[in-house]
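*Asks:* Structure below; questions to follow.
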Amino acid sequence: MLAALARWLRAAGHDAALAPPAAPDRSLIDLARAEGRVLVTRDRTLAGEAGDVPAVLLPEGSLDDQAAALGRALHLDWRLAPFTRCMMDNATLRPATAEEIAAMPETSRNRPGPFRACPRCSRLFWPGSHVRRMAERLERWATADTDDAP
């Protein structure tokens, strides 16, 4: 589920990196320190060993529960820069070229845009119903703390 949460962080415009598979705890902590990252985990032992590295221990539960916990812990802005990072590889998106737009489905390229492309993986991103649904979820997460306030 942390990979899904990372994709949602990227959808919100945050720089979110995933740990290499089977990386030892010490190397994860050292990498987070070196890159100035917050360590986000569901592993209580790893969070406890983080020392001077900021760490957030996420609860078990749904993606919504984990997003809420992360949002509260980091005062996260779920509306930082929506859909400006590749959700798969974390690269900052660039405007799509005319040739890339021409390769999109006609119903998509007839929309007003913005049309973006990932410089690493060449995925194309355009506003469609999936973006609208994702934006609604990001908005719900962004307002969750204010909705829960007394």
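*Asks:* Can you tell which of 107, 97, 84 shows the greatest fluctuation in a Gaussian network model of the chain with Cα springs below 10 Å?
*Replies:* Taking springs between Cα atoms under 10 Å, the residue moving most is 107.
*Asks:* Spelling out what I want: for every residue of the stretch 24-36, take phi, set θ = phi - 60°, compute 6.51 cos²θ - 1.76 cosθ + 1.60 (Karplus), and round to whole Hz; glycine and proline get x.
*Replies:* x, 3, 4, 5, 5, 5, 5, 5, 4, 5, 5, 9, x
*Asks:* Most mobile of 28, 76, 58 per a Gaussian network model of the chain (Cα springs, under 10 Å)?
*Replies:* In the Gaussian network model the winner is 28.
*Asks:* At what distance in nm do the modelled label points of residue 43 and residue 88 sit from each other, each positioned 7 Å from its Cα along Cα→Cβ?
*Replies:* Between residue 43 and residue 88, the label points sit 2.7 nm apart.
*Asks:* If one takes the longest principal axis of the Cα atoms in the chain, at what angle in degrees, from 0 to 90 and to the nearest 10, does the Cα axis of helix 2-11 lie?
*Replies:* Around 50 degrees separate the two axes.
*Asks:* A follow-up question, please. With r defined as the distance between the Cβ atoms of residue 81 and residue 110 and R0 fixed at 22 Å, what FRET efficiency is calculated, to the nearest 0.05?
*Replies:* Plugging the Cβ-Cβ distance into 1/(1 + (r/R0)^6) gives 0.30.
*Asks:* Given the Cα-Cα distance of residue 137 and residue 65 and 0.36 nm per residue of separation, how much length would full extension add, in nm?
*Replies:* On the way: separation 72, 0.36 × 72 = 25.92 nm, distance 1.26 nm.
Length gained between residue 137 and residue 65: 24.7 nm.
*Asks:* Can you run phi through the Karplus equation (6.51, -1.76, 1.60; θ = phi - 60°) for the stretch 62-77 and list ³J(HN,Hα) in whole Hz, with x for Gly and Pro?
*Replies:* Computed from phi, the couplings for the stretch 62-77 are 6, 4, 4, 4, 5, 5, 5, 5, 5, x, 5, 5, 10, 6, 6, 9 Hz.
*Asks:* Helix 129-148 sits at what angle to the longest principal axis of the chain, using alpha carbons and giving 0 to 90 degrees rounded to 10?
*Replies:* The angle comes out near 40 degrees.
*Asks:* Highest GNM mean-square fluctuation, the chain, Cα pairs closer than 10 Å: which of 73, 16, 135?
*Replies:* Highest fluctuation among the options: 73.
*Asks:* Moving on to the next point. Working out 0.36 nm times the residue gap between residue 4 and residue 26, then minus their Cα-Cα distance, what length gain in nm do you get to one decimal? Don't jump to the answer; show the numbers that get you there.
*Replies:* Numbers: separation 22, 0.36 × 22 = 7.92 nm, distance 2.36 nm.
That pair, residue 4 and residue 26, stretches by 5.6 nm at full extension.
*Asks:* For the chain, give the share of DSSP beta bridges that are antiparallel, in percent and rounded to the nearest 5; count only bridges with both residues there. Present the calculation step by step, with values, prior to reporting the outcome.
*Replies:* Numbers: 5 of 8 bridges.
Approximately 60 percent, going by the DSSP bridge assignments.
*Asks:* Here's a follow-up. Name the residues whose placed amide hydrogens come within less than 5 Å of the amide hydrogen of residue 85, ignoring near sequence neighbours (fewer than 5 apart) on the same chain.
*Replies:* 13, 93
*Asks:* Let me ask something additional. Give the range of the longest stretch in the chain that excludes all trypsin sites (Lys or Arg not before Pro) found in loop regions by DSSP and having at most 16 other beta-carbon atoms within 10 Å.
*Replies:* 80-119
*Asks:* Which listed residue (63, 48, 97) has the Cα farthest towards the positive end of the charge dipole for the stretch 35-97, taking +1 on Lys and Arg C-beta and -1 on Asp and Glu C-beta about the Cα centre?
*Replies:* Positive-end residue among those listed: 97.
Read-outs: derived from the displayed coordinates by stated rules, not from any lab. For clarity, every value in this text was computed on a predicted model and none was experimentally measured. Every residue, glycine among them, receives a Cβ derived from its backbone with ideal geometry; neighbour counts consider all protein chains shown.
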